[in-house]
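Remarks on the structure that follows.
The values are calculated or read from the model by the stated rules, or taken from the named source; none is laboratory data. Bear in mind the structure is a predicted one, so any value in this text is a computation, not a measurement. So basically every Cβ, Gly included, is an ideal-geometry build from the backbone, and we count neighbours across all protein chains shown. We work out accessible area using only protein heavy atoms, side chains counted, and drop any ligands, DNA or RNA first. Shrake-Rupley method; radii C 1.70, N 1.55, O 1.52, S 1.80 Å.
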Amino acid sequence: MNVRTSGSVADACPAAVHGSHGAQAGAAAPAPGALGLDPDDLPDGLVVADENGRVTCFNAAAARITAVAPHEAMGRPLEAALPLEDLEGRRWWALTDPYGGLATRIGQPERNLLLPGGREVLVSARYVRAHRSGPVQRLVVQLRGTDARRRTERSHAELIATVAHELRSPLTSVKGFTATLLAKWERFTDDQKRLMLETVDADADRVTRLIAELLDISRIDSGRLEVRRQPVDIVAAIRRHVQAHTTAGQRPDRFLIRVVEPLPELWADPDKVDQVLGNLLENAVRHGEGTVTIEVSPALTKARAEGTAVTVSDEGPGIPEESMGRVFTRFWRGSKRGGTGLGLYIVKGIVEAHGGTITVDRAPRGGARFRFTLPVCAPAFLSQG
């Protein structure tokens with residue numbers, strides 16, 4: 001069925017089922033089919049009641065969510081066709097009284113309500129009036145399932161459980177060593193004291209990194225990850241990270257750096273670029289095998305803008321084909337992975353905050369190959385005038 005729209009979904013369904021109620025006085029109706037919309041095409045449930053409180057529209061999504069067939073709902077009183085209760089067991093339509101009460105009300109914000117049988121549904125409502133403070137001509141109700149919200153809640157719960165687990169180990173170590181030192185300081189040699197203090201220091205760094213990861217995730221999820229662009233010598237940054245690994249005991253010949261010059265001048269957030277490089281190199285060293293190759297070259301971004309590409313690959317077993325699509329999601333861990341499983345999720349968020357892209361595939365010698373591209377992106381004050 002084709003229905004007329006006048007700027008909002010709320011006006012769509014009644015035009016097909018209740019004639020003149022869908023049009024505003026003096027407004028020209030669009031040509032049939034020009035702005036046609038079938039309520040059954042809407043992803044959310046749509047229920048509309050007329051000025052008498054009887055259902056005039058009950059789309060397919062509403063039928064799926066409520067398990068009520070449209071023909072059973074049409075023409076019935078709204079409170080009978082859609083008997084909702086709040087979480088305290090009160091009848092929702094009697095409680096809100098949409099056709100009575102203050103004439104200045106425009107609707108109800110989304111909230112969690114219960115269908116018969118206790119099934120949860122997210123419900124919002126709009127009161128359509130011919131003029132301000134006039135009687136309600138149509139009551140438009142939107143229904144949404146709670147599956148997406150439950151997935152989000154499960155993700156948050158998993159994040160909390162993961163963080164609690166990761167914090168427990170270093171904090172237990174810190175508490176154990178400090179308590180031992182305070183209680184038996186005189187019994188230990190200087191070398192023993194130094195070893196315990198170095199362990200405490202390393203565990204404190206681990207806790208600090210985990211807290212930093214949590215802050216990054218919060219900023220990425222809320223779209224508040226700030227990028228402070230400065231000139232970045234990405235080759236020098238890569239050499240610093242390689243030097244840190246060789247200082248920590250890795251063989252210098254395990255790393256191969258290839259640079260295709262000339263490279264464009266890159267403006268990016270140096271701390272966040274360091275975070276990306278550190279994570280990718282750590283993954284290659286810890287979970288890969290053989291030579292770790294880092295290639296840097298000029299590249300074009302998806303928007304055909306000038307950029308710099310960095311590829312990190314190893315010669316290990318690589319990532320299974322079926323897992324490629326989940327590598328950058330939260331909590332992804334390969335078969336040998338430890339840690340929180342948040343590092344690559346953060347890496348992707350940082351790269352995308354710069355306007356870049358990151359991909360993963362199989363390296364020529366069988367290992368994992370990560371490639372990210374950052375646009376040159378000089379700051380606005382330099383690109384103007």
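How many of the residues in region 111-132 are loosely packed, with under 12 Cβ neighbours inside 10 Å and acidic (D, E)?
Of the residues in that region, 0 qualify.
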Worksheet entry | Residue count, region 207-264 (criterion: of a type outside the set (D, E, K, R), in contact with a Phe, Trp or Tyr (Cβ under 9 Å, 6 or more places away or on another chain) and open to solvent by 60 Å² or more (accessible area, probe 1.4 Å)) | 2
Item to complete: Kindly indicate whether any position in region 82-100 is closer than 15 Å to R126 by Cβ, touching a strand residue (DSSP E or B) at 6+ places or on another chain (Cβ under 8 Å), part of a loop (DSSP other than H, G, I, E, B) and not hydrophobic (A, V, I, L, M, F, W, C).
Response: yes
Worksheet item: When only residues in region 139-166 that are of a type in the set (A, V, I, L, M, F, W, C) and not in a strand (DSSP E or B) count, which is most open to solvent (accessible area, probe 1.4 Å)?
Response: I160
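Yes/no matrix, rows are residues, columns are (1) open to solvent by 40 Å² or more (accessible area, probe 1.4 Å); (2) at pLDDT 90 or above; (3) in contact with a strand residue (DSSP E or B) (Cβ under 7 Å, 6 or more places away or on another chain); (4) among the aromatic types (F, W, Y):
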residue: G33; (1), (2), (3), (4): yes, no, no, no
residue: D41; (1), (2), (3), (4): yes, no, no, no
residue: V48; (1), (2), (3), (4): no, yes, yes, no
residue: C57; (1), (2), (3), (4): no, yes, yes, no
residue: A60; (1), (2), (3), (4): yes, yes, no, no
residue: R64; (1), (2), (3), (4): yes, yes, no, no
residue: H71; (1), (2), (3), (4): yes, yes, no, no
residue: L78; (1), (2), (3), (4): no, yes, yes, no
Worksheet item: Among the listed residues V232, V259, which satisfies the condition of being at negative phi, within 29 Å of the chain's Cα centre (by Cα) and β-branched (V, I, T)?
Response: V232
Discussion item. For region 254-276, which positions are assigned to a strand (DSSP E or B) and hydrophobic (A, V, I, L, M, F, W, C)?
Written reply: F255, L256, I257, V259, L266, W267, A268
Discussion item. Out of everything in region 349-365 that is assigned to a loop (DSSP other than H, G, I, E, B) and among the small types (G, A, S), what residue ends up being surrounded by the fewest Cβ atoms within 10 Å (Cβ to Cβ)?
Written reply: G355
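Restricting to region 183-206, name every residue that is small (G, A, S) and surrounded by 11 or more Cβ atoms within 10 Å (Cβ to Cβ).
Residues satisfying the conditions are A202, A204.
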Worksheet item: Name the residues in region 128-163 that are more than 18 Å from the chain's Cα centre (by Cα) and of a type in the set (K, R), would you?
Response: R129, R132, R138, R144
Worksheet item: Going by the conditions given, is V310 in a helix (DSSP H, G or I), out of contact with any Leu (no Cβ under 7 Å at 6 or more places or on another chain) and either on the phi < 0 side of the Ramachandran plot or surrounded by fewer than 16 Cβ atoms within 10 Å (Cβ to Cβ) (or both)?
Response: no
Discussion item. Any residue in region 282-301 that is free of Cβ contacts under 8 Å to residues at least 12 places away in the same chain sitting within a Cβ distance under 8 Å of a residue that is surrounded by fewer than 16 Cβ atoms within 10 Å (Cβ to Cβ) and outside any strand (DSSP E or B)? List the pairs, counting only those 6 or more apart or interchain.
Written reply: none
Worksheet item: Could you give every pair whose Cβ atoms fall below 7 Å, whose first residue belongs to region 356-373 and is farther than 16 Å from S297 by Cα, and whose second residue is crowded, with 17+ Cβ neighbours inside 10 Å and among the hydroxyl-bearing types (S, T, Y), counting only separations of at least 6 or pairs across chains?
Response: A363/S313; G367/S313; A368/S313
